[in-house]
Every structure is written in C-alpha cells, then in structure tokens.
1. With all protein chains present, how much of the accessible area of region A:191-322 (probe radius 1.4 Å) comes from carbon and sulfur, to the nearest whole percent?
2. Multiplying the sequence separation of B:Q112 and B:I576 by 0.36 nm and subtracting their Cα-Cα distance, what value in nm do you get?
3. Give, as a single signed number, the net charge of other residues whose beta carbon lies under 11 Å from the beta carbon of B:G426, with Lys and Arg counted +1 and Asp and Glu -1.
4. All other residues with a Cβ under 11 Å from the Cβ of B:H554 taken together, and with Lys, Arg as +1 and Asp, Glu as -1, what is their net charge?
5. For the interface of A with B, what's the total buried accessible surface in square angstrom, probe 1.4 angstrom, rounded to the nearest hundred?
6. Please state the equivalent ellipsoid semi-axes for the protein assembly as shown: what are the square roots of 5 times the Cα gyration tensor eigenvalues, largest first, in whole Å?
7. Over all distinct alpha-carbon pairs, what is the Kirkwood Rh of chain A in angstrom?
8. Run the accessible area of region B:17-343 with a 1.4 Å probe and give the carbon-and-sulfur part as a rounded percent.
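The values are calculated or read from the model by the stated rules, or taken from the named source; none is laboratory data. What you see is a predicted model, and the numbers here were worked out from it, not measured in a lab. So basically every Cβ, Gly included, is an ideal-geometry build from the backbone, and we count neighbours across all protein chains shown. Remember, those area values only see protein heavy atoms, side chains included, never the ligands or the DNA or RNA. Shrake-Rupley method; radii C 1.70, N 1.55, O 1.52, S 1.80 Å.
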Amino acid sequence: MKALLSLRPWLGVLAELRGRLLLGAVLMLATLLSALGLLSLSGWFITATAIAAVSASGYLDVFTPGSGIRFFAVSRTVSRYLERLYNHDTILRLLADLRGRVFARLVTLDARTLARARASQWLNRLTADIDTLDNLYLRLLAPPLVALISILAFAAFAAAFLPIAGIVLLAILLPLGLVATAGCAWWGWRASHRRVDRQEQLRVRAIEQVEGLAELTSYRALDAHRELWHREERALLDDQRRLGQRTATGNLAVTVGIQLATLAVLLLGLEAFRSGQVSGPVMVMLALGTLAVSEGLGNLPMAFTQLGATVRAAERLNAQAELKTPLTGERLTSGGAAPSLDYRNVEVAHGARVVFSGLSLSLAPGQRIGIIGASGIGKSTLAQLAVRAFDPQGGHVEFDHRDIAGLAPDSLRARIGYLTQRSELFHDTLAANLRMGDPDASDAELWAVLESVELEPWARSLPDGLETWVGEQGRQLSGGQARRVALARVMLRNSPLVILDEPLSGLDAETAASIKSALDAWLAGRSALLLGHDPQALPTCDDCWRLMVGTTGSALVQR
Amino acid sequence: MGPSRTNASRTGASRTGASRTSASREWLKQQAAGVRPWYRGAVGCGLLAGLATLIQMGALAWVVDDVVSNQATLGDVTLGVALIVIAIAARALAQWGQEVCGQACGLRVKQQVRARLLVRLQQLGPVRLASRHSAGLASQLVDQVESLEGYYSRFLPQMVLAALIPLVYLVVVFWLNWLAAIWLLIAAPLIPLFMALIGMGAQRLNEAQFQAVTRLSGHFLDRVRGIATLQLFGLAERSVEEISEVAHDYRRRSLKTLRVAFLSSAVLEFFAAVSVAVVAIYIGLGLLGYIQYGPAEQLDLFSGLFILLLAPEFFQPLRTLSQHYHDRASALGAAEGLVALLEPDADEEATPAGSTRPDETASRELTPGAVELVNVELRHAGRERILGPLSLRVDAGEVVALIGPSGSGKSSLLQLIAGFIAPSAGRVEVRRDPAIAWLDQRPLIIQGTLADNLRLVAPDASDEALRSALTQAGLGQWLASAPGGLETPLGERGVGLSGGEGQRLALARVFLSPARLVLLDEPTAALDPETEQHVIAGLTQLAASGRTLIVATHHPAIMAMAGRVFAIEQGRLSRIERSADARETNS
C-alpha cells in the first residue's frame, strides 16, 4: 500500500529512539513470555501431579515447578508494569518533542503559506495529529512484532515435543495474525482515514457556532447551522459505528482462531499421548501454552482497524513539512537611525490575481508617506513586503539600500514597528501583550505608553490594572481599546521605521484626534509608511499617494 | 506570555473537589438513562460469553481427564469436542454482541450530550461566550464528549460483569472444591478495595490532565493565530520554547496519571497471578496427596484442571474492568468540565434571569421592527453600571444612530436589544419574529460555499435572490469574477475574502433575511470610501424598504441618514438634533 509510505518520516523519528524502543519491546516480550510460562507450567504441574498420584511411585519434585510458577507470577506483574510505564514515557517524550518541532517549523513559514490553511487546522495538526501518531509504536509496530516472535518461539518449543503441533500452530496462528493486522487495516481503512477529517470538521463547526453566535441567534439561523453540525456529526458517528463493528468482527475472528488452535493442539496432543509420543503433562502444557501465546494477538484488530487514522495524521503532518522553506538571509547590523525604504518594480500575484506589476515607491530617511486606498487593493501587501513576510515574484524591496531578500527576517523586523490591520492580541495579560513590543519595559513605561494612546484612565479603573486578562484575541476589550493596545505595543518597540495600517480605525472622532496628535509627535525622526482608506484617518504625512485599481494590478497615483 | 490560566477563575471555587466529583458521577449516571436497552444487551451478551467460557473449560477438562485417566480414544470424546466447538462459537458471538451493544450506548450518549451542550451554548449567548476560548469550547464539544464513549460502551457493562461472572465461577469452583474457592475468594475482595484506592488518585490526576489539554489547545490556537504577529515582534523562537515547555508539562502530567493507572492494574494482575499460582500449587499438592486437610482428597484431574482453567477466567472480568478504569477516569474528568459548562455560573445568577427574555415578553402590540426600552439598566457583576437608566422607543421603519466614544456602551445597548444580554433592571420589548438582522465588525464566514453562507439566514432563497442580495451589498462584481460563482468555497474566518468583502457578505445576508429590525455595530469601520458608499447605499435601500435600522456608528453619512441620533454619555442617551455640528466633529 502506497499510503503507508507517509509513515516513513515518522518511522525515521522513531529510529532516533531505537534504544528506548528496543528495551520497551523486550519488556513487552518478557510480559508475554511470563504469562506463557505461568499458564503452561501450571498445566504441566497439575497434570503431572495427577498422573503421579495414580501411578505407583506417587513421587514428584514439587519444589522446582512450584518456584517456577511463583517466579512467573511475579515476573509477569513486574515486567508488565515496567513495560507500560517505560513505553508510555518514551512515547510522550517523543510527542512533546514533535509538538515543539512542528510548531517551530510553522513559525518560520511566510505569511502567504500560513494563510493557506485555517487556524484550527494548524491547531489540530499540533495536538490531535501528533497524538494519533502514538499508536504507531505502542499499538502498531511493537505488539505484532512481539506476537510474531513469541508465536515462532513457542511453535519451535512445541515442535521439539511434537512436530505436527508446531506446524499446526504456525498454520493457524500466522494467517490469523495476518487477518488481525493487514486484514483489519484494509477493512477499517476508509472509515478510519476519513474519521480524522470528519472530527476536525466538527471542531470547525463548533468554533463557528461559538464565534458566530451573535449573528446566528439574531437571524434565527442557529437551527440551519445545527443542521450542518448534525449532518457532520452523524457522518462521524456512522464511521465510528462501522469501525466499532469491524473491530468487534476482527476480535471475533481472533477469538475463534485462538480457541480452535488450542483445541487442535490439544487433540493432536491427546492422539500423541495415546500413542505414547508425548506425556500427559506435556500435552496439557502445549494446549495451555497455545492459549497464552495467542494473547498477543488479542489487541491487534482494535489497533489495526484504526491504522487509517494514524496514516491520515501522518499525511497531514507531512503536508505541513513540505510547505515552502523558511526565509533566511544575512543579519542586518546597521544602526538605529531612520532608514530609507525603496520598492523597485515590485511584482506580486495572489494566485491568478495580479496585485502589483512594476510598482515603485521611495521613502527617504525621516520621511512620512501616506498610502490611501480601498480595502483589498494591496495596502497590507505593501507593508508585508517591507517586513519580508514573503518575497515578491519580481523586483525587490530595499531597506537602507540593501535588498531585503538577502536579510534575515528577524533582524529586519527588529527595526520595523508594524501595526497590522487586525489587532492581534494574545490570550494573556494586558502587560504581557504590551511587553511583546519591549520585553524589558518597566511598569512605568507601560503606563506612559498607555497614556499616549489614551488608555491610561481606563487601565487604572480595572481592578487588576496591567494584570487584567484581555481574553481570546482581546475580546474582553472593545474594538477601539484593542486597536490602541496594539498601537501602544508598536510604540514600545521604538523602531526607526514605522508602518501603521489603519492606525485609527474603530476609534471615535475625539479619541482619534488626540491619538493623531500624539502620533505626530512620536513619529518625529522616524521613517514612516502610513496606510489608510482616508487621509483624515492618518497622522500628518509629508507626501501622499493613492493606490488605485489599474489595468495590471494596483498602481500608485500622486495626490 | 506565561502559560495562560484560562479557567482558573471560573471553576467555582465555592464547591469542594469531593462534591464536584460526586456531581459529575451523578451526571454520568443520568446520561445512561436513555440507553438502557443497549446497556442491558451488552451486559446480557457478556454474561452469555461468561457462561460459554464455563462450558468450554468444563468440556476441556472433561476431555483431558477422560483421555489421560480413562485412556479414552478421541472417538470416545467426540461429544466433549463438539461441546467445546459450540461453546467457542457461542462465546465469540456473545463477545461480538457485547462490543456492538456497548458501542451503541456510547455513540448514543455522545449524541445526546452534544445536543445538550449546543442548547447550552445558545443559552449562554454571544456576550458571555465572548470571554471563553472558542477552541477550548470546541474541544469540550468534540474531544471531551468523545472521551465519554468508553465509559458507556466498555466500563459500565463491564462493571456489572465483573461482579456477576466471578460469582458464577466461584459457585462452580465451590461445588468442585470449596477450599480452592476460598483461595480465590480471599484474593477477590482485596482487588476492588485496592482499585478503589488507586482509582481515586487516578481520577484526580485525570481531571488535572483534562484541564491541561483544554489549556493546551487554547494556548496553541492563540499562538498559531498570532504567528504573523509573533514573527513581527521577533518572538517566534521564544514561543517555540514556550510551546514545547507547555507540551512537556503536558507529558509530565500525563505520565503521573498513567503511573497511577498502571499501578492499579499491576496490583490486580499481581493478585490474579498469585491466586492462580496458589490454586495451581494447592491442586498439585492435593492431587499428590500431600494435603490431608479439607476436600483435597476428592480432587481428581477433571476437577483440578477445571479449577485451574477457571482460576484465570475468574479474574479476567476484573482485569478487563481495570483496563477500562481509565475510561471511567477520563469520563469523570471530562464530565467535570461539562457539568461546569452546563450549570449556571455566578455571573448568570447575578443578573435577574428571565426577567425579560425579549422573546417571552414580546408584547403583541409592538409592530414587527419596533423596539421599546423602558427604564433599562445594565451592570456587570462587580462592576460599574454600564448603561441606564434609559428609555427609548423606536418605531418600525425608523433609522436611529447611536454615537459615543468607543467603550461607552453602544455595543451593549445593541446587545440588549438583540436579547444577547438581559437588562439588570427595566424592560426590553422587541418582536423577534421573524428575525433580527445583526451586523458587526467580525462577520461569520462558515466553511462552505458562498451560497451556504447566504442561505444560512434564508434557507429557501433562490439563486436569483442570492445574486440580487450580493449585488445590493456591492459584491456583484466580486461574484462575477469568483471562479465558482455562488458555489465558490469560503473558509473559516473568511480566508479568500478581504475585510471589506466579508463585511459586504454580511450585508448581503441582511438583504436576504426577512428581518424587519436591523442592528448594526460599526458597519463601516475599516472600509474604504468606495466600499463604504456601497454599504451606505445598501443601508439606505434597507431603510427605504421599511426596515428599522439601529446603528452604532461614527460615520457622518449614516448619521445623516438617521431620523434620530443619540449620543451615549456615561450610560445615558441624549438626543442630538440633526444639525451641522454632528457632521463637523466627525468629518
């Protein structure tokens, strides 16, 4: 199956932990062999004692098998406990590392690649998909391997006493193992592969219902949205039901197979016993041993009907890994004086839509340029190019006369204060959100910057002050407050180049006016690119351009 | 940016851990009420499987005894072998039945619980939900409910079986040899005792782990959503460390839970193994005649082997139960969060519940589209008064603008009218039939096609109606250039749409809906003049169609459109005469 190839990178990750995994598998094997020893030795012992009792001599060494039984009883318990603990620790260790790795890869992607998937999808990759991978070793790799080894070993052991018993064992248990693994995997493939996406779909619907509740309730559209939810929930439940039934059927096959193998070995043993080939105790031992060794097959149907889910999770994580390589470059070391910014013949296209074609613009050190334009026309794209959120398809952008395509994004961004159009606040305290701008800012500095965005009286009135939690995406704040917190955060950065995208949106006229004058003062001595839909909504500019829809992408027109 | 303490303040500190646990246990039991038949089916099948096992083992011992002790040929024991085969088939089928019935229980309970949670979210309303993490809620709704399944499909039926099946076996062993039965009996009661002790610890840890998972998803989504911002502020590396720190913390918590959970099953396994060993040795010595005491002399190979074969089976239901113990623990852990979500919280009790659910008191006299507020006050628990007392009557077809600085309470007033929050005092009267149209700065874009997004508010609308609504909202050109037309897929949070386009899509919904009353919260914020013009033209058309518009705005053109303009200052409304000064301050 080609689909299984998507597990390869993850098997590679497992290989890094070979030592731990091998020890884990050995512990698993020890557990199974202890159970085998306990049951078969007990069977041998009882039959032997019974025969000794009826035979003339009536003597049997009871101490050796007795201590053997006790030994296996203890070793089974201990090895099982250690095995489970050790293996789960290994897997969780692996999973925690994977989470960090996946996020680390995510955080280096450029803005356009990130925009291709939805936020909750990323989340799911980070948590559920990685969690699903824990099946790989603990349920899918080690148990069949251990079962195979113990079946082979026991068959050899049985063959030493009674060759035909060994052959029959292999003839029944090996195909049974194949049914429990490959068979169940094939049978549950579609439903379990699909289940991962269906579960995620349900999660998306749940988020929609929470975030869009205002619209949904007032429009009385909640029932319509619930209908979507119910349809998707039913599809998920149907898949789960199907998988459950197939697992149950797999278990049925395994139970029947194991019991019939035991019976077959017993009958062969009885025949051999009658012909004097084996002793009574050995006959019973072989039958009970078959029962015990087959225990290793018991959990396989359950694990393998879910193989599709593990593969699906791996596929999605792989797709994420194959996304564009991160942007890199030389570190920028120049000083903190106001820089120049030049766009030279820049070309950008989003899919089929041309945004810019041959666009040029120069911002001199200390200059303030305003860019006015309709929403969706490319103002934010202009800003994203400046911070190297992605590279243009043609032309280049220069920061202080250096092409930024050769600069490390982090060192470039450290010199730019960029207020994005959406006020992206984090589920954290007010202070922590502000300190993103300057991790070393003192409380006094925070209060000062809050004052310049007219938030100081409001923040003083909060019972928790700076330690107030702002809620998810700053939802505990009004739109205008969130905007000003985001602005304050940028001001704290104190960078020589400033890009403000709609800095005054969502503010009432009075607040906007006083923040405008505060910004006018603060921008002195900095180069600034100011983006807005209206010159009135921007601080005073030296020069103002209008971004308009042209024949080939958007173009700048001097006002 | 430390790890967030999402629900710390919300998990009612007044309730003790013990009473919370018993509440969740009670709740879990209640949920089983609707699935009794399937539950009984699972238990019945399990019992059948147990009896079939008994017959299988008995027949096995009989066949061996017959051949070994009585030198019977295989032909002599055909009946025994046939019995074994039948018993095996019956046992396998019964187990299948148990699994399938059990799963039916689990699936049905999940469906019930999810339905109740959805109703609960609706009750909480958009304002109270705003303070909660939507990913956390989604994970409760999907993943935590998912973790209830094992409790109903496996644990509950197994709990009955773990009591019944060993009892049946014990009676049989007692009948064969009472001393061997006593050996088993001595070990048996210790097991539930140990398991109860260990299970309690496991459960507490499980709860902690569930909180960690909820927090973990919240933390991830928050950081993932803000990746662009993290990159801008050069915090990418630091947040990677933070993420793996949180993930490792999760690992440590999980491991603590697992260590205890594994210990409980190890204890059980130990007792089971020791009992089997003791019984085996007792039988062996008894057969040899070393034991003079009790019924040992009557032991023969049949009874000895039968008892030996039954001894592991005696413990098997308990072992299975202990394997499913974590199902119970995770169900309890999940239940605690779900119960907390389902029961009213402190904030809710503070507001006089149901004093004016607008749809209940909606006076029949009000014409559709009209609104009446009488002495309305609004305060949040433990905070200053936000609004009121204020009174306002808006007639059907009127256009009213609300202005005021951000945070002055414009949105709260709209939320009151929409019925998302109940007033602390006074009355809000609104006809909510057929619907109220709501438009704010964060339009809902569901995953689905453009048409799906529109039909949400008017399920029966024709394609023609959809197109005309889009054109009225200024999206006509966009539609013409959209690759799939009305079937163009749109994503979560409107990826593929610009902010202005999302806003116009929301406006198209207003046109499409039969609502007479339209509430708009800053509909033109962040729109360019052109889009703005489209929106304002659309609003004018809406007003002309006789719909009532109540708009929170800063935009002079909308204020000019309004019949009446009110300023909100310190929670009170003051009428602004439509004069030049209103325009001047804002343009």
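1. Carbon plus sulfur share of accessible area: 50 percent.
2. Numbers: separation 464, 0.36 × 464 = 167.04 nm, distance 5.20 nm.
161.8 nm is the gain from fully extending B:Q112 to B:I576.
3. Numbers: positive: B:R427; negative: B:E372, B:E377, B:E429.
For residues surrounding B:G426, the net value is -2.
4. Numbers: positive: B:K410; negative: A:D508, A:E510, B:E522.
Charge balance near B:H554 sits at -2.
5. Values: alone 27520 and 29410 Å², together 43760 Å².
So the buried area, both faces added, is about 13200 Å².
6. Values: eigenvalues 959, 206, 126 Å².
Semi-axis lengths for the protein assembly as shown are 69, 32, 25 Å.
7. Working: mean 1/r = 0.0340 Å⁻¹.
Answer for chain A: a Kirkwood hydrodynamic radius of 29.4 Å.
8. Values: 7600 of 11780 Å².
Carbon plus sulfur share of accessible area: 65 percent.
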